[in-house]
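Chemist: First, the structure itself, so that you have it in front of you.
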Amino acid sequence: YDTPLLQELRNEAYQKCIPISVSAELTLRCNIRCVHCYNFDRDQAAPRPDHELTFDEWSRIFRELKEEGTIFLNLTGGEPMAHPRFWDLLGEAARLKFALTLLSNGTLLTEEHCNRLAAHPELAGISISVYGATPKTHDAITQVEGSWERTLRGAERMRDRNIRMTLKFIVMKRNVHEVAEMIELAQQ
């Protein structure tokens, strides 16, 4: 999606130090345990309260980002939907008219959650992490049995609602043998 207009916007933002695109890591919480994850606190039962920003703190940050010129806001985590106030934070970001994207592992994308996401016109898309073309490979990497099936079902639900959806994967020793199949899976 690189057009001359977007390139001009990026260049101007760079020159003026405007953060037009921001990723906000809402939480360390996650319902899977990927072997490659950089989130070393993930094995705690729940993050300590002083390790997670409150709704009011995120609201202030979102307002400040808007005032500074941010247009694109990517909500990530951990698993952003695992944040106890995810829907409130999504609503606040939508109220501020960010072009929203979401980076998720897809396992929490139930019918109800997909319907709620689809109701947000500000949602520009969702990226879903997939670590293998087979349940065996993906589930070994996430260390959660059944996560491949839940991830793909979540992706299908988003696609069925005509939400722009991208499958993302990290190539590593554990899945390199399935790269061609993962690309094929993403093209379906």
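The values are calculated or read from the model by the stated rules, or taken from the named source; none is laboratory data. Note that the coordinates shown come from a computational prediction; the quantities given were computed from them, not determined experimentally. For neighbour counting, all protein chains shown are included, and Cβ atoms are generated from backbone atoms with ideal geometry for every residue, glycine included. Calculation scope for accessible area: heavy atoms of the full protein, side chains included, ligands and nucleic acids excluded. Shrake-Rupley method; radii C 1.70, N 1.55, O 1.52, S 1.80 Å.
Chemist: Go through the residues of region 83-91 one by one and say whether even a single one is within 16 Å of CYS34 (Cα to Cα), open to solvent by 40 Å² or more (accessible area, probe 1.4 Å) and within 18 Å of the chain's Cα centre (by Cα).
Modeler: no
Chemist: Still on this structure, I have one more. State all residues of region 134-180 that are under 22 Å from MET81 (Cα atoms), surrounded by fewer than 18 Cβ atoms within 10 Å (Cβ to Cβ) and polar (S, T, N, Q); if no residue qualifies, say none.
Modeler: Answer for region 134-180, where residues must be under 22 Å from MET81 (Cα atoms), surrounded by fewer than 18 Cβ atoms within 10 Å (Cβ to Cβ) and polar (S, T, N, Q): GLN143, ASN162, THR166.
Chemist: Another question about this same structure. (1) more than 30 Å from THR142 (Cα to Cα); (2) surrounded by 12 or more Cβ atoms within 10 Å (Cβ to Cβ); (3) at pLDDT 90 or above; (4) of a type in the set (D, E, K, R): which one isn't true of LYS16, the others all being true?
Modeler: That leaves (2) as the condition not met.
Chemist: Continuing with this model, one more query. Mind listing whichever residues of region 114-133 are open to solvent by 50 Å² or more (accessible area, probe 1.4 Å) and touching a residue at least 40 places away in the same chain (Cβ under 8 Å)?
Modeler: ASN115
Chemist: What single numbered condition from (1) under 18 Å from LYS168 (Cβ atoms); (2) open to solvent by 40 Å² or more (accessible area, probe 1.4 Å) fails to hold for ILE61?
Modeler: The single condition ILE61 does not satisfy is (1).
Chemist: Give me a count of the residues in region 98-113 that are within 23 Å of LEU65 (Cβ to Cβ) and open to solvent by 10 Å² or more (accessible area, probe 1.4 Å).
Modeler: Total meeting the criteria: 3.
Chemist: Which ones in region 144-183 are part of a helix (DSSP H, G or I) and among the charged types (D, E, K, R)?
Modeler: Answer for region 144-183, where residues must be part of a helix (DSSP H, G or I) and among the charged types (D, E, K, R): GLU149, ARG150, ARG153, GLU156, ARG157, ARG159, ASP160, GLU178, GLU181.
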